[in-house]
Amino acid sequence: MRKNLTCIICPLSCQIRLSCVDKDIKRIEGALCSKGRRYAEKELHCPTRSLTTTLEVIGGEQRLVSVKSDQELPRELLMPVMRQLAKLKAQAPIKIGQVLAADILDTGVNIVATRPVSKGDNR
Amino acid sequence: MQLKRELMVIGGGPAGLAAAVAARRAGVRDILLIEREDCLGGILNQCIHNGFGREIFKESLTGPEYAQIFIEQVQLSDIECWTGTLVTELTAGKRIIAANSRGLHRICAQAVILSMGCRERTRAAVDIPGTRPAGIYTAGVAQNFINLRNLMPGKRFIILGSGDIGLIMARRLTLEGAEVLGVLEKLPYPGGLPRNITQCLEDFNIPLYLKHTVTDIHGKHRVSGVSIAKVGPRGGILPGTTRKLACDTLLLSVGLIPENELSKAAGIKLDRLTGGPLVDETGQTNIPGIYACGNVLHVYDIVDQLTKEAEAVGRAAACYIKAGQSQLPLLRVQAGSGIKYVVPQQISAPGKRLLSFRVDTPGQNKYIVIKSGRKIIKRQIKQRVNPPELIQLEVNLPELSPGNIIKVELK
Ligand code: SF4
């Protein structure tokens, strides 16, 4: 089977051409570095993505705090995790890197703050 | 009362932060950084997605994380920052008027760095016929609403323009539970990076309509739908291809232009190709001592490149302050066939010089040819060229013959 992928690891966005049998890569072309191959393997077996979003803040200088998953999540869990996060709020003050939701949906992945938020009145 | 500073930096986004820190490290004691918003960091604060910092930090950071690194450096270097302050006027004599809650301030400086960033084009919105109901936003405004203000601008979206911000917003809106009916692109190829087509559109089954545009906006008080149609090879609408889509919001992501209202009023000459000031390799504009860096100069696609170049501009401004003067441009650099623009547009001193440019259409196996007068000084093959990807090449100019023109061409 032939398959074309766009590597999303870096902005070069290599166009990867694969020949595979079942899910084993027999030939790979177009990746400019070795990360491309690893990406292609993951993409065939279990595509993962990092998630970035926001959480509502209570008692902060900002209304929202930007957050990310500290590891990649299985792609099909992005929407379920979003629905779970919609139920949560974070209490200010918040430090950058602080875990705001641990082990989200039993994935072992934490949701952490990507900016500091000091105490305030949510202007 | 007039305040005096050695260096004034206008704009506290990634470019201004990096330039201010670099100038401080190069020995400038007295720096004032002015930012319009209440926090430093500029547009990065609303760019909550990741992919920043791969070149400099070798990891993929989110926009706010990237900004925070430089905000901390500014704080550690004890640089004076005025946030919530709008510069209303800049003169060729390096005087500014700035307004904030404490009143109006007149400040003069030995050198000024312009780092005001860019704004979104809205021209397409003006050109679309139909009514003007609520529900039409630029992608960046919608990004600001959702990521900073916790406001959702609509439920069913059409996005016009396939630049990176439009693609990233398509994913963001979908994650937040809205429906994105499609992203429309007038050209036969997308405006954003291929990785964003994959991770922002394909991952969420959002259709990309190439060679399509919005021909009409419907709705009285609120957008009720848009008409879309195919675009022919000459850019006209193909008859018989129009159809109506019901939506409540139209987002425009049709490009960015450097924000140069202040520069223009100060008499700074702009390049009509980039929309930013004409500069030499140090970032100096036609007014000695006034420098420009970041998106005010030309719109970058990777913040790491922007940071590195802004740091160099900060150091150049420090040299100017020490020496009290700078070299004047000797050579012009021009975009030849197949090239959209080149920065810098002028060269003042011999040495190794980095040229940044964009091609005007995608292509494969093309030669980049750089000439000095008639002589070819560099030739490089590129497997792939793509307008959204800025190309940077270093050329060695051991000596400059004044009046010569350096030309970059695509063959
Ligand atoms: S293969 Fe390597 S160079 Fe190409 S996009 Fe992926 S990470 Fe970047």
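Values quoted throughout were computed directly from the atomic coordinates according to the rules given, and no laboratory measurement underlies them. Values in this document were obtained by computation on a predicted structure and should not be read as measured data. Glycine also receives a Cβ, built like all others from the backbone with ideal geometry; neighbour counts cover every protein chain displayed.
Note on chain A: with a GNM built from Cα contacts shorter than 10 Å, the maximum mean-square fluctuation among A:Pro74, A:Pro11, A:Pro93 falls on A:Pro11. Helix B:164-175 and the longest principal axis of the Cα set of chain B meet at an angle near 50°.
Assuming R0 = 45 Å, what is the FRET efficiency of A:Arg37 and A:Val99, from their Cβ-Cβ distance, to the nearest 0.05? So, using R0 = 45 Å, E works out to roughly 0.90. Mean partner shielding of peptide A:42-55, defined as the number of other chain Cβ atoms within 10 Å of each residue Cβ, is 3. Taking every alpha-carbon pair in the protein assembly as shown and binning the separations at 20 Å intervals from zero gives 20, 53, 26, 1 percent. Taking A:Val57, A:Val21, A:Val65 in turn, the Gaussian network model of chain A (Cα-Cα springs below 10 Å) assigns the largest fluctuation to A:Val21.
Ordering B:Ala22, A:Gly36, B:Thr83 by Cα displacement along the dipole of the protein assembly as shown toward the positive end leaves A:Gly36 in first place; charges were set at the Cβ atoms of Lys, Arg (+1) and Asp, Glu (-1). Averaging the Cα positions of each part gives two centres, and for segment B:312-380 and segment B:1-37 these lie 26 Å apart. Segment A:1-101 gives an Rg/Rh value of 1.14, both radii derived from C-alpha positions and Rh following Kirkwood. Answer rounded, prolate or oblate for segment B:140-244, using the Cα gyration tensor with square roots of eigenvalues a ≥ b ≥ c: rounded when a/c is under 1.5, else prolate when a/b is larger than b/c, else oblate. Judged from the Cα gyration tensor, segment B:140-244 comes out oblate (a/c at least 1.5, b/c at or above a/b).
Past the 28 Å Cα-Cα mark, which pairs from A:Lys35/A:Lys89; B:Lys186/B:Lys244; B:Lys366/B:Lys407; B:Lys264/B:Lys382; A:Lys3/B:Lys366?
Details: A:Lys35/A:Lys89 36 Å; B:Lys186/B:Lys244 17 Å; B:Lys366/B:Lys407 16 Å; B:Lys264/B:Lys382 36 Å; A:Lys3/B:Lys366 26 Å.
Pairs exceeding the cut-off: A:Lys35/A:Lys89; B:Lys264/B:Lys382.
Placing a label point 7 Å from the Cα of A:Asp121 along the Cα-to-Cβ direction, the residues of segment A:50-84 with a backbone N closer than 18 Å are A:57-64.
Here the dipole of chain B is about 1280 debye; that uses its Cα centre as origin and unit charges on the Cβ of Lys and Arg (positive) and Asp and Glu (negative).
If you plug the beta carbon distance of B:Leu210 and B:Asn365 into 1/(1 + (r/R0)^6) with R0 = 30 Å, you get a FRET efficiency near 0.85.
In this Cβ point-charge picture (+1 for Lys and Arg, -1 for Asp and Glu), segment A:2-46 has a dipole of about 60 debye about its Cα centre.
Taking R0 as 30 Å, what's the FRET efficiency between B:Phe57 and A:Gln84 from their Cβ-Cβ distance, rounded to 0.05? Can you show the working numbers first?
Working: r = 30 Å, r/R0 = 0.99.
According to the calculation, E is roughly 0.50.
Kindly provide the trypsin sites (Lys or Arg not before Pro) of segment A:8-76 that DSSP labels as loop, not H, G, I, E or B, and whose Cβ sees at most 15 other Cβ atoms within 10 Å. Write down the numbers at each step before the final one.
Numbers: sites: A:Arg17, A:Lys23, A:Lys26, A:Arg27, A:Lys35, A:Arg37, A:Arg38, A:Lys42, A:Arg49, A:Arg63, A:Lys68, A:Arg75; in loops: A:Lys23, A:Arg63.
In loop regions of segment A:8-76 (DSSP not H, G, I, E or B), the sparsely surrounded trypsin sites (Lys or Arg not before Pro) are A:Lys23.
The label point for B:Arg25 and the one for B:Ser224, both projected 7 Å from the Cα toward the Cβ, are 5.9 nm apart.
Among B:298-307, A:103-112, the peptide with the highest mean count of other Cβ atoms within 10 Å heads the list, and the full ranking is B:298-307, A:103-112. Inter-chain Cβ neighbour count for A:6-18, averaged per residue, equals 5 (cutoff 10 Å, partner chain atoms only). Label sites at B:Ile237 and A:Cys20, each approximated as a point 7 angstrom past Cα along Cα to Cβ, lie 4.4 nm apart.
Which trypsin sites (Lys or Arg not before Pro) in segment B:10-98 pass both tests, a DSSP loop state and at most 16 other beta-carbon atoms within 10 Å?
Sites meeting the loop and neighbour criteria: B:Arg29, B:Lys58.
Over all other residues within a Cβ to Cβ distance under 12 Å of A:Val109, the charged ones net out to -2, with Lys and Arg as +1 and Asp and Glu as -1. Mean sequence separation of contacting Cα pairs (under 8 Å, at least six apart), scaled by the length of chain B, corresponds to a relative contact order of 16 percent. Placing unit charges on each Cβ (+1 for Lys and Arg, -1 for Asp and Glu) gives segment A:52-113 a dipole about its Cα centre, and among A:Ile96, A:Gln62, A:Leu85 the Cα reaching farthest toward its positive end belongs to A:Gln62. Is segment A:2-46 rounded, prolate or oblate when judged by the Cα gyration tensor, a ≥ b ≥ c being the square roots of its eigenvalues, rounded requiring a/c under 1.5 and prolate requiring a/b larger than b/c? The shape class here is prolate. The three principal axes of the C-alpha atoms in segment B:195-234 carry coordinate ranges of 37, 30, 12 Å, sorted with the longest axis first.
Put the Cα centre of segment A:1-42 next to the Cα centre of segment A:83-97 and the gap is 36 Å. For chain A, with a Gaussian network of springs between Cα atoms less than 10 Å apart, report the residue from A:Cys14, A:Cys33, A:Cys46 with the top mean-square fluctuation. Of the options given, A:Cys33 has the highest mean-square fluctuation.
Our helix-only sum for chain A, with -39,500 (n - 2.57) per DSSP H run of n ≥ 4 divided by its residues, gives a mean residue ellipticity at 222 nm of -5000 deg cm²/dmol. Within chain B, the longest run free of GluC sites (Glu not before Pro) that sit in a DSSP loop with at most 15 other Cβ atoms within 10 Å is B:177-398.
Want the number for B:Glu72 to B:Ala134: 0.36 nm per residue separation, take away the alpha-carbon distance, what's left?
18.3 nm
Across segment B:251-259, computed HN-Hα scalar couplings (Karplus, 6.51 cos²θ - 1.76 cosθ + 1.60, θ = phi - 60°) run 9, 10, 10, 10, x, 10, 10, x, 8 Hz from first to last residue, x flagging Gly and Pro.
Just need the relative contact order of segment B:113-265 here, percent rounded to a whole number, with Cα pairs under 8 Å and 6+ apart. In percent, rounded to a whole number, it is 34. Let me make sure I get this right: for chain B, a, b and c are the square roots of the gyration tensor eigenvalues over alpha carbons, sorted descending. Under 1.5 in a/c it's rounded, otherwise prolate if a/b > b/c, else oblate. Which is it? It comes out oblate by the Cα gyration axes.
Computed per residue of chain B from DSSP H runs no shorter than four, each worth -39500 (n - 2.57), the mean residue ellipticity at 222 nm is -5500 deg cm²/dmol.
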